[in-house]
Amino acid sequence: MAAEPGRLIGKGRAADVFDVGSNRVLRRYRDSIPAVIAAEMVAKEAVVMGYVRAHGYPTPEVFDAAGGDLVMELLDGVTMLADLQSHPWRVDRHADSMVDLHRRLVAVPIGELGARGSLVPRAFGPAEAIVHLDFHPDNVMLTSAGPVVFDWTNAVLGPAAADVAYAWVIGATSTLEGPWWLRVIGQRLRNRFVDRFVDGCGRAAAIDLLPAMGAHRLADRHTFPEEAVRVRELVARYA
């Protein structure tokens, strides 16, 4: 077994993150992901991150991308989700921050990314904007320089409201763990956050995309059966 490249600081569904020193992290896909697919995903993510960063959007700097390895800037701070859990009274402030981050992202012109159809795919409708497609508080780091959005693995080009509708689907239907009383409090907090975010970004446009984003969620093999039931109920409610 090959030696780890540094201290393990994070584990995702398909990749591990290591602190490799010099204020850098290495995100490495596991062997369970075919090498060709991992290389394509890393190449796409590096291009998208470099592009939005060049347009002033807050995302980590990329230093190297090769095969299934992506070397990026190490971010200081805590995730927005962790801060919400520790300071629930900040829910409105953080929801407004997410609204601002979304508005800034859809303001980035797709430009040359639109010409890279094979690298950055199009999905869910007209290619109006860059869609993060995993836009939630656990992918936002609160740093000394402000909030920074990371984990662009799923990025596509699509309708501007796609991130809003998908965040709505995730926030309204995902299962919370813990004792029942903590789940009740957590769900109320999450509902307040999601409602404020969706209203701030535009509820009507998000409603139009609920069927497509609901179908996308249902196609995710990580979606639990009880979550799938809630997704169908949410989509049916606004059909």
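The values are calculated or read from the model by the stated rules, or taken from the named source; none is laboratory data. Predicted, not measured: the structure shown is a model, and the values here were computed from it. Note: ideal-geometry Cβ built from the backbone for every residue, glycine included; neighbour counts use all protein chains shown.
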Open item on the list: Looking at the stretch 40-54, I want the residues that are closer than 9 Å to Trp152 by Cα and have a partner that is of a type in the set (Gly, Ala, Ser) with Cβ atoms under 6 Å, at least 6 apart or on another chain. Which pairs are those?
Closed with: Ala46/Ala65; Val48/Ala155
TODO: Just give me the residues in the stretch 167-179 being of a type outside the set (Val, Ile, Thr) and surrounded by fewer than 21 Cβ atoms within 10 Å (Cβ to Cβ), in sequence order.
DONE: Gly171, Ala172, Ser174, Leu176, Glu177, Gly178, Pro179
- [ ] Starting from the stretch 131-160, take each residue that is free of Cβ contacts under 8 Å to residues at least 40 places away in the same chain and list its partners that are of a type in the set (Gly, Ala, Ser) and assigned to a strand (DSSP E or B), counting only C-beta distances under 6 angstrom and pairs at least six apart or across chains.
- [x] Val131/Gly158
Task: Cβ-Cβ under 8 Å pairs, at least 6 apart or on other chains, the stretch 221-239 side over 13 Å from Leu209 (Cα atoms), far side basic (Lys, Arg) and loosely packed, with under 12 Cβ neighbours inside 10 Å - done: His222/Arg13
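If we keep just the residues of the stretch 123-166 that are assigned to a helix (DSSP H, G or I) and among the acidic types (Asp, Glu), which is surrounded by the fewest Cβ atoms within 10 Å (Cβ to Cβ)? Can you show your working first?
Of all residues in the stretch 123-166, those assigned to a helix (DSSP H, G or I) come to 137-139, 162-166.
Keeping just the survivors that are among the acidic types (Asp, Glu) gives 138, 163.
Details: Asp138: 13, Asp163: 28.
Ranking the candidates gives Asp138 first.
Search the stretch 103-122 for residues being small (Gly, Ala, Ser) and in a helix (DSSP H, G or I), and hand back the single one that is modelled with the highest pLDDT.
Of all residues in the stretch 103-122, those small (Gly, Ala, Ser) come to 107, 111, 114-115, 117-118.
Now restrict to residues that are in a helix (DSSP H, G or I): 111, 114-115.
On the way: Gly111: 89, Gly114: 83, Ala115: 76.
Going through the qualifying residues, I end up with Gly111.
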TODO: State the number of residues belonging to the stretch 69-113 that are of a type in the set (Val, Ile, Thr) and farther than 30 Å from Gly21 by Cβ.
DONE: 5
Task: Residues located in the stretch 75-122, provided they are touching a Ser or Thr at 6+ places or on another chain (Cβ under 8 Å) and exposed (fewer than 13 other Cβ atoms within 10 Å of the Cβ) - done: Asp76
Open item on the list: Residue under question is Asp19, and the condition is that it be assigned by TED's automatic domain parsing to the domain that holds Val149 and not in a loop (DSSP other than H, G, I, E, B); does it hold?
Closed with: no
Open item on the list: I need the full set of residues from the stretch 197-217 which are under 17 Å from the mean Cα position of the chain (by Cα) and among the β-branched types (Val, Ile, Thr), in order please.
Closed with: Val198
